[in-house]
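Notes follow once the structure below has been shown.
The values are calculated or read from the model by the stated rules, or taken from the named source; none is laboratory data. All values derive from a computational prediction rather than experimental measurement. Reconstructed Cβ throughout: ideal geometry from the backbone, glycine too, with neighbour counts over all protein chains shown.
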Amino acid sequence: MTFVRVGQFKALAEKIEELRTIYEADAIPAIRAARGNISALLLQQHQARDAFMAITVWDTAEDAERYERSGQAAAMVDKIRFAFAEPPSLATYDAFGISG
């Protein structure tokens, strides 16, 4: 079953551009290269420009967990941690209607 991880966070206003640049240039390609990854993206909310969602879509929960255990997920978060206005939250979902 397709598995989705959603990280939500607020960014410091003066760090938003740098955060987006790093996530797009470093995190997204690294995540997409991981075994079992279907998609990775960063969403910035229109109504609150400091609100973000980082979404990764995986073939299976095991694929996402393997990526997490590898230390790469923590390394990616560490690259943007300087821009967080508050601690991020993480939720996971089973996804329907997505084919890998």
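Inspection of the stretch 36-45 identifies no residue that is at pLDDT below 95 and not in a helix (DSSP H, G or I).
In the set (1) surrounded by fewer than 19 Cβ atoms within 10 Å (Cβ to Cβ); (2) of a type outside the set (D, E, K, R); (3) out of contact with any Asp or Glu (no Cβ under 7 Å at 6 or more places or on another chain), residue 40 fails one condition alone, (1). Exactly one residue out of 97, 71 is at pLDDT below 95 and out of contact with any Ser or Thr (no Cβ under 7 Å at 6 or more places or on another chain): that is 97.
Can you pull out every residue in the stretch 16-35 that is of a type in the set (A, V, I, L, M, F, W, C) and in a helix (DSSP H, G or I)?
16, 19, 22, 25, 27, 28, 30, 31, 33
Residues checked against (1) without any contact (Cβ under 8 Å) to a residue 24 or more places away in the chain; (2) of a type in the set (Phe, Trp, Tyr); (3) in contact with a Ser or Thr (Cβ under 6 Å, 6 or more places away or on another chain):
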position	(1), (2), (3)
8	no, no, yes
13	no, no, no
18	no, no, no
25	yes, no, no
30	no, no, no
33	yes, no, no
59	no, no, no
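Considering only residues of the stretch 8-52 that are charged (D, E, K, R) and under 17 Å from residue 66 (Cβ atoms), which is nearest to the chain's Cα centre (by Cα)? Within the stretch 8-52, the match that is nearest to the chain's Cα centre (by Cα) is 32.
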